[in-house]
Amino acid sequence: MTAQGVRFDAAAARGLEAAYQTIDVILQRVRVLDALALSPGDHVLDIGCGPGLLLEALAKTVSPSGRAVGMDQSSPMVDVASHRCEVYPQATLEVGEALDLPYPDQSFDAVVSTQVYEYVADIPSGLQEIRRVLRPGARVVLLDTDYDSLVVHTEDPERLARILEAWDEHFVHRGLPRTLGAEMKKAGLRVRRVESIPMLNVAHHEDAFSWHLTRMMAGFSAGRGDCTEEDTRNWLAELERLGEAGEYFFSLNRYLFAADREALPGEA
Ligand SMILES: C[S@@+](CC[C@H](N)C(=O)[O-])C[C@H]1O[C@@H](n2cnc3c(N)ncnc32)[C@H](O)[C@@H]1O
């Protein structure tokens, strides 16, 4: 566990599996795959692979001669991802730590990590580890959320502020994208593309990402700090009402950074 209160257990794995099959996150994966620009035969590492939806797409893309390696600190996440990817012989999975990657130097053509480094306290060390396992000229794509980009319609802003303050304990960095590009450059990763990926929902239903995220936020925040269970119950009820009235609005930005590992003098 790297953040102050988050548990990536079996229940979280099931919750993320549902949230990450919404159209919003499917479209995000398409953009991540586009930025990664993999070819069949590539060796790619997915750090913090979670329930393995991106890993499955990576395995298909590098097939048949490539290798897609999924790694996560959470055994329940690795179990779910292993089950999902068991039909792909080119996919392998293991438990591991982003700050101590269990792979030799220069062993991958590409590294990807989505929604992970906001939970990792030591960003410079994490980026050095990514650089270490990349071959010269290899690609990396990182994607994280900036929670200050959150815009949610509510008739009770003070209640929402209490919920958001409690939710802050879910991650280490609430605004990692603001500094991530500069940190990547310092780590010897040449950033060539930065994009925002809005999670924008104006309807409230199970096929929308925010339907899942707001439930996760309520479940995590209830009873933390100044946020009561009544606050979160009333907020979820309000979102339902706004949805039924056609007045629902939720927007939260994720940011994608695509970079190449710079070759050192004397390297290929
Ligand atoms: C929000 S989930 C994202 C899962 C997946 N990358 C995706 O976008 O579908 C964050 C994942 O990062 C993993 N994680 C967090 N900190 C980690 C660390 N220091 N090393 C390895 N995995 C980590 C968690 O266990 C969890 O599965």
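Across q = 0.07, 0.08, 0.12 Å⁻¹, the chain modelled as identical point scatterers on its alpha-carbon atoms has Debye log10 I(q)/I(0) values of -0.25, -0.33, -0.73, in the order of the q list.
May I ask you to derive the relative contact order of the chain, considering only C-alpha pairs under 8 Å and at least 6 residues apart, and to give it as an integer percent?
In percent, rounded to a whole number, it is 22.
What does the charge count near HIS170 come to, summing +1 for each Lys or Arg and -1 for each Asp or Glu among other residues with Cβ under 12 Å from its Cβ? After counting each charged neighbour, the total is -1. Counting only alpha carbon atoms, the long axis of helix 209-221 and the longest principal axis of the chain meet at about 70°. Angle of helix 23-36 to the longest C-alpha principal axis of the chain, folded into 0 to 90 degrees and rounded to 10: 20°. Phi-derived couplings, Karplus 6.51 cos²θ - 1.76 cosθ + 1.60 at θ = phi - 60°, listed residue by residue for region 176-190: 4, x, 4, 10, 5, x, 5, 5, 5, 4, 4, 8, x, 10, 8 Hz, with x used for Gly and Pro.
Taking label points 7 Å from Cα along the Cα-to-Cβ direction, ALA11 and THR179 give a separation of 3.3 nm. For GLY225, the shell of other residues with beta-carbons less than 12 Å away shows a net charge of -3, using +1 for Lys and Arg and -1 for Asp and Glu.
Run through the DSSP bridge list for region 10-261 and note the antiparallel percent, rounded to the nearest 5.
55
Straightening the chain between GLU97 and LEU236 buys 46.6 nm, computed as 0.36 nm per residue apart minus the Cα-Cα spacing.
What number comes out for the charge environment of ASP148, summing +1 per Lys or Arg and -1 per Asp or Glu over other residues with Cβ under 12 Å away?
0
Here the sum of -39500 (n - 2.57) over DSSP H runs of 4 or more residues, divided by the residues of the chain, equals -12000 deg cm²/dmol at 222 nm, to the nearest 500.
A short reminder: the numbers here are calculations on the coordinates, not readings from a lab. For clarity, every value in this text was computed on a predicted model and none was experimentally measured. Reconstructed Cβ throughout: ideal geometry from the backbone, glycine too, with neighbour counts over all protein chains shown.
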